[in-house]
There are 4 protein chains.
Amino acid sequence: MDARGWVPATAGNISVRLADGRIAITSSGTHKGFLTPADVMAVDLDGHARTPGKKPSAETLLHCQLYRLFPATGAVLHGHSIAATVLSMAEEKQIRMHGYELFKAFEGQTTHDATHDLPIFPNDQDIARLAAAIEPRLREGCPLGYVIRGHGVYIWGPDMPTALARLEGLEFLLACELEKRRFSP
Amino acid sequence: MDARGWVPATAGNISVRLADGRIAITSSGTHKGFLTPADVMAVDLDGHARTPGKKPSAETLLHCQLYRLFPATGAVLHGHSIAATVLSMAEEKQIRMHGYELFKAFEGQTTHDATHDLPIFPNDQDIARLAAAIEPRLREGCPLGYVIRGHGVYIWGPDMPTALARLEGLEFLLACELEKRRFSP
Amino acid sequence: MDARGWVPATAGNISVRLADGRIAITSSGTHKGFLTPADVMAVDLDGHARTPGKKPSAETLLHCQLYRLFPATGAVLHGHSIAATVLSMAEEKQIRMHGYELFKAFEGQTTHDATHDLPIFPNDQDIARLAAAIEPRLREGCPLGYVIRGHGVYIWGPDMPTALARLEGLEFLLACELEKRRFSP
Amino acid sequence: MDARGWVPATAGNISVRLADGRIAITSSGTHKGFLTPADVMAVDLDGHARTPGKKPSAETLLHCQLYRLFPATGAVLHGHSIAATVLSMAEEKQIRMHGYELFKAFEGQTTHDATHDLPIFPNDQDIARLAAAIEPRLREGCPLGYVIRGHGVYIWGPDMPTALARLEGLEFLLACELEKRRFSP
């Protein structure tokens with residue numbers, strides 16, 4: 001994620017569900033390109049720290065929400081790319097996409113011949129309120145993940161390799177959409 | 001290919017013709033940036049698995065088509081770049097190019113002073129049908145390879161270094177064409 | 001910085017405040033992608049060489065200015081990106097930004113819901129005169145750093161990891177602004 | 001050069017003047033990202049091979065021309081970037097640039113406050129004829145190097161680090177110019 005420029009400064013966060021049900025997540029203020037084991041902490045499904053002396057980032061709640069809602073989720077990635085930032089500040093409620101072979105990287109998708117909306121949620125420093133705004137849409141189904149305006153994407157999967165492949169797929173789709181809007185702004 | 005961003009998620013596939021006539025090809029669902037020997041399998045020229053317990057990707061048939069039609073072909077690359085995706089969704093039947101020195105990277109080309117069409121085929125989840133649509137154009141001659149709409153390019157050569165050089169050349173040409181269309185959308 | 005393309009040729013410079021109060025800074029004409037210990041020299045707070053036989057670059061004065069004005073500053077970075085160069089040549093007095101989550105990477109910022117101006121100063125080969133032009137703005141407060149037209153950005157922090165995170169944040173914001181101006185030039 | 005994408009396929013070539021007066025240059029058809037000692041050959045100042053069994057690339061003559069005309073030249077680089085290709089196909093006779101701090105990376109330049117023209121020459125597969133077309137302009141002075149249309153840049157310096165720094169500077173200027181033309185195509 002760092003090599004691709006998707007976690008500038010201390011943006012972004014990364015988590016996996018552990019065998020004992022806790023969540024391992026990058027702690028607040030860490031640079032994702034220089035991670036050490038000490039930069040990762042454990043939290044419970046409500047986002048409370050389970051590693052002494054570590055403070056979870058506020059966005060930990062958005063990870064926990066996905067683990068609680070979707071029991072099959074094993075990994076969650078939050079990236080912060082230029083394409084996601086710019087498109088989410090230019091569009092109103094969603095980024096509509098059609099006809100990409102890469103749709104097949106996402107859960108349950110078997111064809112390019114489909115239209116998908118990536119929902120955009122307004123940014124909010126009150127993460128509990130933001131999570132509450134997102135939850136109904138997650139329950140409807142959200143195969144491509146979602147984006148927070150001016151902030152970045154959330155995507156998840158049954159394990160880290162799948163979540164990472166979906167993040168690459170989503171960022172590819174966003175980069176294509178950004179290129180397309182240059183043809184017809 | 002991974003370092004250049006041409007095989008996002010589990011997109012793309014890579015093959016070589018073995019000395020015994022079989023084809024070694026990346027198997028279905030593998031990430032090309034994390035390949036291990038276990039991610040490569042053997043198939044025959046009809047695309048049937050010759051490695052027990054491995055499933056070839058559907059697109060294996062497009063590789064086999066090239067090996068069958070062109071006996072001198074030793075390697076085939078399928079990449080999935082932003083430029084190929086966006087241009088193939090913006091143009092109708094081909095991407096026309098003129099005047100590039102890099103034409104000389106392709107089979108039989110000796111001058112920049114030429115015009116070449118990169119043919120675009122509509123994407124199709126039925127790969128046998130897609131192969132049938134492509135075959136007449138391959139027989140006419142197709143030195144720059146071809147592109148499947150919203151999906152990516154196919155390019156080949158007598159060996160892997162030549163196929164990789166042609167892929168780099170083709171992606172360079174597509175990136176230039178994308179830049180040019182920004183001057184006059 | 002080199003891997004991101006922010007220090008082309010021998011552009012850019014990098015400094016830290018040492019425990020004894022001197023400043024360690026890259027010396028004149030060094031390529032930041034091939035730095036060795038011999039490419040770093042010590043200066044005092046007035047920019048005079050404290051390493052025998054080494055010549056400080058002219059821009060050393062801009063680093064010293066920041067260390068003198070802001071006692072909490074421990075590291076200063078001067079980068080030279082395409083986005084900073086192009087935007088600073090297209091805009092008059094500042095680059096105005098609004099609504100980015102990444103504002104929180106900068107000193108004292110706690111929300112995306114704000115507007116910040118990145119001040120632009122005209123380039124000047126007389127660095128003492130340039131420093132004098134910059135100083136009043138620095139005293140007013142300048143959390144995102146500043147940019148010299150056609151030349152690049154200056155950003156600082158209490159230590160090198162923080163300064164680097166802020167540089168990544170600033171370059172991300174500039175890259176976003178450059179993308180946005182393509183929608184509405 | 002390979003990591004930056006400036007030598008796609010087998011494009012580009014690299015040379016240095018040896019202590020005995022011969023020129024060491026990458027031989028024809030080599031990929032610059034996979035160079036081994038066997039990919040480099042010696043030629044004399046007229047471009048004749050001085051390594052048995054090796055064939056110099058046609059463009060070797062353009063390197064020799066620079067070494068003959070400018071005795072202080074110790075290294076020559078020919079790169080093949082997207083920006084150089086696209087801009088040289090969009091402009092007529094030169095690419096005019098003004099006001100860049102990075103001008104100071106080039107021979108004899110001490111200020112940003114200047115205007116420089118990067119001359120464009122039409123591509124020609126007859127390299128002797130191309131060299132003859134370039135020579136008068138080289139004699140006039142050509143501090144930023146030159147570009148061949150649809151083909152790439154030539155830049156040189158007293159040694160390889162300086163030539164590489166100038167190449168980085170030139171590609172940075174070209175990338176900036178390409179971005180600027182998006183504001184006002």
- line: Checked against (1) surrounded by 15 or more Cβ atoms within 10 Å (Cβ to Cβ); (2) more than 13 Å from chain A (Cβ to nearest Cβ), residue C:178 satisfies every condition except (2)
- request: May I ask you to list the residues in region B:94-111 that are in contact (Cβ under 8 Å) with a residue 40 or more places away in the chain and either at the interface with another protein chain (Cβ under 7 Å from one of its Cβ atoms) or charged (D, E, K, R) (or both)?
  value: B:100, B:102, B:105, B:107
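Looking only at residues that are touching a residue at least 40 places away in the same chain (Cβ under 8 Å) and not in a helix (DSSP H, G or I) in region B:112-143, which one is farthest from the chain's Cα centre (by Cα)?
Restricting attention to region B:112-143, the residues satisfying the condition of being touching a residue at least 40 places away in the same chain (Cβ under 8 Å) are B:118, B:125, B:127-128, B:130-131, B:134-135, B:138-139.
Narrowing further to those that are not in a helix (DSSP H, G or I): B:118, B:125.
Working: B:118: 12, B:125: 17 Å.
Within region B:112-143, the match that is farthest from the chain's Cα centre (by Cα) is B:125.
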task: Of the numbered conditions (1) more than 14 Å from chain A (Cβ to nearest Cβ); (2) crowded, with 18+ Cβ neighbours inside 10 Å; (3) not polar (S, T, N, Q), residue C:91 fails exactly one; give the number of that condition.
output: (2)
task: Any chance you could count how many residues in region A:154-169 are facing chain B (nearest Cβ under 9 Å) and closer than 21 Å to residue A:96 by Cβ?
output: 4
message: Could you check region A:121-134 and list, in sequence order, the residues that are in contact with a helix residue (DSSP H, G or I) (Cβ under 6 Å, 6 or more places away or on another chain) and more than 13 Å from every other protein chain (Cβ to nearest Cβ)?
response: A:131
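For residue C:183, state whether it is surrounded by fewer than 18 Cβ atoms within 10 Å (Cβ to Cβ), within 7 Å of another protein chain (Cβ to nearest Cβ) and either without any contact (Cβ under 8 Å) to a residue 40 or more places away in the chain or closer than 19 Å to residue C:5 by Cα (or both). Full working, then the answer.
Working: surrounded by fewer than 18 Cβ atoms within 10 Å (Cβ to Cβ): yes; within 7 Å of another protein chain (Cβ to nearest Cβ): yes; either without any contact (Cβ under 8 Å) to a residue 40 or more places away in the chain or closer than 19 Å to residue C:5 by Cα (or both): yes.
Here the answer is yes, as residue C:183 does meet what is asked.
If we keep just the residues of region D:51-62 that are within 19 Å of the chain's Cα centre (by Cα) and part of a loop (DSSP other than H, G, I, E, B), which is farthest from the other protein chains (Cβ to nearest Cβ)? Spell out the reasoning first.
First pass over region D:51-62, keeping only residues within 19 Å of the chain's Cα centre (by Cα): D:56-62.
Imposing the further condition that a residue be part of a loop (DSSP other than H, G, I, E, B) reduces the set to D:56-59.
Working: D:56: 16, D:57: 11, D:58: 10, D:59: 10 Å.
Among those that are within 19 Å of the chain's Cα centre (by Cα) and part of a loop (DSSP other than H, G, I, E, B), it is D:56.
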- request: Taking only region C:143-153 into account, find how many residues are closer than 22 Å to residue C:9 by Cα and more than 8 Å from every other protein chain (Cβ to nearest Cβ).
  value: 3
- prompt: Within the group D:97, D:41, D:89, which residue is within 26 Å of residue D:177 (Cα to Cα), of a type in the set (A, V, I, L, M) and more than 17 Å from the chain's Cα centre (by Cα)?
  reply: D:97
message: Looking at residue B:77 and the list (1) part of a helix (DSSP H, G or I); (2) out of contact with any Asp or Glu (no Cβ under 8 Å at 6 or more places or on another chain), which single condition is not satisfied?
response: (1)
query: Within region D:124-141, is even one residue under 24 Å from residue C:86 (Cα atoms) and modelled with pLDDT of 95 or more?
result: no
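Which one is farthest from residue B:160 (Cα to Cα), of the residues in region B:110-134 that are surrounded by 16 or more Cβ atoms within 10 Å (Cβ to Cβ) and out of contact with any strand residue (DSSP E or B) (no Cβ under 6 Å at 6 or more places or on another chain)?
Residues of region B:110-134 surrounded by 16 or more Cβ atoms within 10 Å (Cβ to Cβ): B:112, B:116, B:118-121, B:123-124, B:127, B:130-131, B:134.
If we keep only those that are out of contact with any strand residue (DSSP E or B) (no Cβ under 6 Å at 6 or more places or on another chain) too, we end up with B:112, B:124, B:127, B:130-131.
Numbers: B:112: 24, B:124: 27, B:127: 24, B:130: 25, B:131: 22 Å.
Among those that are surrounded by 16 or more Cβ atoms within 10 Å (Cβ to Cβ) and out of contact with any strand residue (DSSP E or B) (no Cβ under 6 Å at 6 or more places or on another chain), it is B:124.
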field: Residues located in region C:95-106, provided they are touching a strand residue (DSSP E or B) at 6+ places or on another chain (Cβ under 9 Å) and buried (at least 16 other Cβ atoms within 10 Å of the Cβ)
entry: C:95, C:97, C:99, C:100, C:101, C:103, C:106
query: Is it the case that residue C:137 is more than 14 Å from chain A (Cβ to nearest Cβ), more than 30 Å from residue A:59 (Cα to Cα), in contact with a Pro (Cβ under 9 Å, 6 or more places away or on another chain) and crowded, with 20+ Cβ neighbours inside 10 Å?
result: no
field: Single condition residue A:160 does not satisfy, out of (1) surrounded by 20 or more Cβ atoms within 10 Å (Cβ to Cβ); (2) more than 22 Å from residue A:125 (Cα to Cα)
entry: (1)
- request: Just need a number here: residues in region C:140-153 that are surrounded by fewer than 21 Cβ atoms within 10 Å (Cβ to Cβ) and either closer than 17 Å to residue C:101 by Cα or in contact with a Cys (Cβ under 6 Å, 6 or more places away or on another chain) (or both).
  value: 1
- prompt: Identify, please: which residue in region A:1-50 is part of a loop (DSSP other than H, G, I, E, B), without any contact (Cβ under 8 Å) to a residue 24 or more places away in the chain and more than 14 Å from every other protein chain (Cβ to nearest Cβ) and is, among those, surrounded by the fewest Cβ atoms within 10 Å (Cβ to Cβ)?
  reply: A:19
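The values are calculated or read from the model by the stated rules, or taken from the named source; none is laboratory data. Remember, predicted model here, so these are calculated numbers, not experimental data. Every residue, glycine as well, gets a Cβ built from its backbone with ideal geometry; the counts of neighbours run over all protein chains shown.
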